[in-house]
């Protein structure tokens, strides 16, 4: 059934494209009055409306120019005009409010001062993969010179719209994980990769995928499936914020989730050797790309640098019973030097 | 005060004992001490007993005269017991009524019949009455499907019950309810009554899982837990419940547009609660009472283990008065205070509004909000004046129509969260008063719909 | 070197194989030009890991693309010798990129989308497999794909929302690929590499298969240089497959009626019908025997007709 509905919907959207702005004008007042319907339903309608906008692209750009006479064009993040709209469809973004036009304006307002980054407790709770991604986001924001405050919460993971840390709260928006945050910042006119050519951007994305696919999975594997690390570190840290039987339950449930994820990605059956050889290969690729440059793309950092820094720095500084991951990483001096460089230039400044 | 004398007996022991008869009773046994039944001050002695069918277990709880009859060989037939009672004064009819009620409240029997005859046969006393309690026992497993309407949606409830598992009124009950939209609940309850002990305690233990969505507050709740309950009566109208509840509560964000404040309180938490509920019920009927009052006082202490600690007190009261014939005026009031020690989150809060708490307001629609979502409070009061009348022209007067009433009401209430603003409790009471005005206005506007039908099950 | 054998899923719609992994290996081997005997076994049941492709070289058994590439490298067959270290790094990064962004969408389009699964994927695989297996494997693959989507995007999220996210990510990925490819013939210079084989294996099924719900396929078809890339590799390496398919198609269109086409799709229709009838008859008789019906009937001496009838039927069996 749902498939048929979807089919119909697409047909409708195809029509929408041709009928242009009249539909948009028609749609907006539908969402604005808060009727007795509960908020979540109102949210649904908003997002459905978003889909309409995104599918009638030309429509939105004219509309945006009318409502907002700023000369800021829409293409902050390479040539994607609708990063914001796509972003909102994404699970990583949540927002409060129901007026689309207002939200779009809000998304484009400059970076406010009261942005907060939420993450788990660094000392007793956070785990290797989470720590790496939190550090990556922090590095990115510092590289962009965007002010933010770190706030630690025991339930950061559950507060996040995507269920993964870290996330930032910026005005009415809540955005989680690096890539959506990068896009979100791009909407506000802040970008690190503006000067890159399209080929370089393509390359950058590929390398970021390499890290999320290999390093993140390897970190998850070591933390949750390697028995020594699981028993000595992961179990204790993950259950540290819960009272007794709940901690055990939560840790077990999370281990199952992680195992399921790794199974789906065909990582579950790998041996530690295979995992480490994958990491080795990934590091090789990264050091080859880095060469002896300061950053991956010339003299200024990009989000790839932030991501690499987050993972490399975390892996080499975290003490685990399984030291082989850190050893593999340390062998790549270029990457270690890169991590130190980023640490000194962006984190140790007064 | 009546005393019953008996001449022949076949009962082995006395008072509070349990007597079992494996075979038809030999009436010509040696006379042995007579069992005594104390019923509301009425003393009755059993002269002799016999069961109607062979191989029937007959169990007497002599203190309360709850006669509990089981028949393992033929569960679905009717069984019964005959006693010969010797009547001194007319108190015997109180006895019958009492026994009947006691049998009924066991929940194991249906078609309870009492047959009274003049005692006859060998060894009968001249004034003796032969009383037979004839009951039909429920089958070993009873199943049922029904539908209910809760605050959020309609539910389909599937239930399986095993009344009288071990032959002492032990009950095992499993229930699964499935909501039309999202909620799904499961519970498994074991109950053990002690009808012959003082204070009539009932012990029960349940395991449950509840899954609820609260779109008005933007969160979804998944509760899993254990509830141990000891209910007893300190007087015929005063009922106490002592409970311990241990649960794991998983709060998750319902949608992308959920307010950040609600988001902050998500995540799994464990809670251990000690609770005492005392209910005094002087009403004549629990549904559509016409006179009498009812008070319930709940005190709750959470925090012996688990990650949530708070103190919660609630008082509900209700009084009913018949104005004219079948026009009932009901005045209700309730109060609640929650004191947070640590870890108290939005799902712990009080919520006010909606058909079950403050009719006429939208669901949870009273009290503080955050971005359009109701976040509840730690203090509340609510009151209401209700007038119940039969339907106009009284269609189906003694049938279905008697299940319906016209209901007019005027509700007012207030819910506050004084901690948040950092103002002392007294100050917040003033806030309470101010809020009352707005509350009453809303109430009036919704009560101005002339009447609303109150449909009961 | 004729000792290399390769078992794969059979082809369809002018593709050499309907399966992504098989197509990768096959394309790679075509690039190298290593002599290989291809067998369309289309049955993963008897393979060592329960998956296809399986490559046999003497006593060596290889079951996935990476192993095949490594093994062929030891035999000094490789397409990647012309890549410098930086390019090799880039190729591995892009491989992961496809795996990260395109693979979930690919799997979604093939297996999770109900319309595609019911009208395209399931019939195709059922046709390729033999009788007891076709009840098992398609649903198994579907479950695996669904689990992957669940693991990546969470179980509680709306499937429609996941679909939108997946396809928008995939679209972005395809655009990135297209940018990377530009107007050159292959991704790294003008000689094919293993990465080209991978890209081809992802894109060719999307271009060729007639998806009922073709959102992802349309994204691919909408990007000119990628469609040209697919057509080019297809033309150079799989011309015989495409020609064969076109010839059959043409033949069918010129002479075939609806029923003939059906007959072509299900060549053993008549045989299957007979088998089914026979099966039903045996089952019913067996049931009757098990219940002792014959004994009872045989006791009726006077009803000789009945006896005759059943004896006849027993003769048939």
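Taking the criterion of being within 8 Å of another protein chain (Cβ to nearest Cβ), in a loop (DSSP other than H, G, I, E, B) and without any contact (Cβ under 8 Å) to a residue 12 or more places away in the chain, no residue of the range A:260-298 qualifies. Among the residues of the range B:295-311, the ones that are more than 14 Å from chain A (Cβ to nearest Cβ) and either buried (at least 19 other Cβ atoms within 10 Å of the Cβ) or in contact with a helix residue (DSSP H, G or I) (Cβ under 6 Å, 6 or more places away or on another chain) (or both) come to 1 in all.
For the range C:121-151, a residue qualifies if it is within 12 Å of another protein chain (Cβ to nearest Cβ) and crowded, with 17+ Cβ neighbours inside 10 Å, and the qualifying residues are C:145, C:146, C:148, C:149, C:150, C:151.
Look at residue A:191 and say whether it is touching a strand residue (DSSP E or B) at 6+ places or on another chain (Cβ under 9 Å), assigned to a loop (DSSP other than H, G, I, E, B) and surrounded by 19 or more Cβ atoms within 10 Å (Cβ to Cβ). No, not satisfied. For the range A:228-247, taking the residues that are within 11 Å of another protein chain (Cβ to nearest Cβ) and in a helix (DSSP H, G or I), the one that is surrounded by the fewest Cβ atoms within 10 Å (Cβ to Cβ) is identified as A:244. Screening residue C:191 against (1) crowded, with 17+ Cβ neighbours inside 10 Å; (2) under 20 Å from residue C:27 (Cα atoms); (3) in contact (Cβ under 8 Å) with a residue 60 or more places away in the chain leaves a single unmet condition, (1). Taking the listed residues A:167, A:173, A:158, the one that is free of Cβ contacts under 8 Å to residues at least 24 places away in the same chain and within 14 Å of chain B (Cβ to nearest Cβ) is A:158, with no other qualifying.
Working only within the range C:111-150, note down all residues that are touching a residue at least 60 places away in the same chain (Cβ under 8 Å) and either touching a strand residue (DSSP E or B) at 6+ places or on another chain (Cβ under 7 Å) or assigned to a helix (DSSP H, G or I) (or both). Within the range C:111-150, C:115, C:116, C:119, C:120, C:124, C:125, C:127, C:128, C:133, C:137 qualify. Evaluated against (1) surrounded by fewer than 20 Cβ atoms within 10 Å (Cβ to Cβ); (2) more than 12 Å from every other protein chain (Cβ to nearest Cβ); (3) farther than 19 Å from residue A:202 by Cα, residue C:238 falls short on exactly one condition, (1). Can you spot a residue in the range B:355-373 that is part of a strand (DSSP E or B), at the interface with chain A (Cβ under 10 Å from one of its Cβ atoms), under 26 Å from residue B:270 (Cβ atoms) and in contact (Cβ under 8 Å) with a residue 12 or more places away in the chain? So far as the range B:355-373 goes, yes, one or more of its residues are part of a strand (DSSP E or B), at the interface with chain A (Cβ under 10 Å from one of its Cβ atoms), under 26 Å from residue B:270 (Cβ atoms) and in contact (Cβ under 8 Å) with a residue 12 or more places away in the chain. Of all the numbered requirements in (1) under 28 Å from residue B:225 (Cβ atoms); (2) assigned to a strand (DSSP E or B); (3) more than 14 Å from chain A (Cβ to nearest Cβ), residue B:286 misses one, and that requirement is (2). Within the range A:138-155, being closer than 24 Å to residue A:105 by Cα and either within 14 Å of chain B (Cβ to nearest Cβ) or assigned to a helix (DSSP H, G or I) (or both) holds for A:140, A:141.
Exactly one residue out of A:256, A:213 is within 14 Å of chain C (Cβ to nearest Cβ) and modelled with pLDDT of 90 or more, and it is A:256. Being surrounded by fewer than 20 Cβ atoms within 10 Å (Cβ to Cβ), within 14 Å of chain C (Cβ to nearest Cβ) and closer than 21 Å to residue A:290 by Cα: is that true of residue A:199 here? Yes, satisfied.
Within the range C:73-98, restricting attention to residues that are within 7 Å of chain A (Cβ to nearest Cβ) and surrounded by 19 or more Cβ atoms within 10 Å (Cβ to Cβ), which residue is farthest from residue C:204 (Cα to Cα)? So the residue we want is C:89. Residues in the range A:298-318 that are under 19 Å from residue A:230 (Cα atoms) and out of contact with any helix residue (DSSP H, G or I) (no Cβ under 8 Å at 6 or more places or on another chain): A:317 only.
Considering C:208, C:236, C:221, the condition of being under 22 Å from the mean Cα position of the chain (by Cα) and over 20 Å from residue C:110 (Cα atoms) is satisfied by C:236 alone. Looking only at residues of the range A:166-187 that are at pLDDT 85 or above and part of a loop (DSSP other than H, G, I, E, B), we find that the one that is surrounded by the fewest Cβ atoms within 10 Å (Cβ to Cβ) is A:177. For the range C:1-37, filtered to residues that are touching a strand residue (DSSP E or B) at 6+ places or on another chain (Cβ under 8 Å) and surrounded by fewer than 18 Cβ atoms within 10 Å (Cβ to Cβ), the residue that is nearest to residue C:185 (Cα to Cα) is C:34.
The values are calculated or read from the model by the stated rules, or taken from the named source; none is laboratory data. In this text, all values refer to a predicted model and were calculated from it rather than measured experimentally. Note that we place each Cβ from the backbone using ideal geometry, even for glycine, and neighbour counts take in every protein chain shown.
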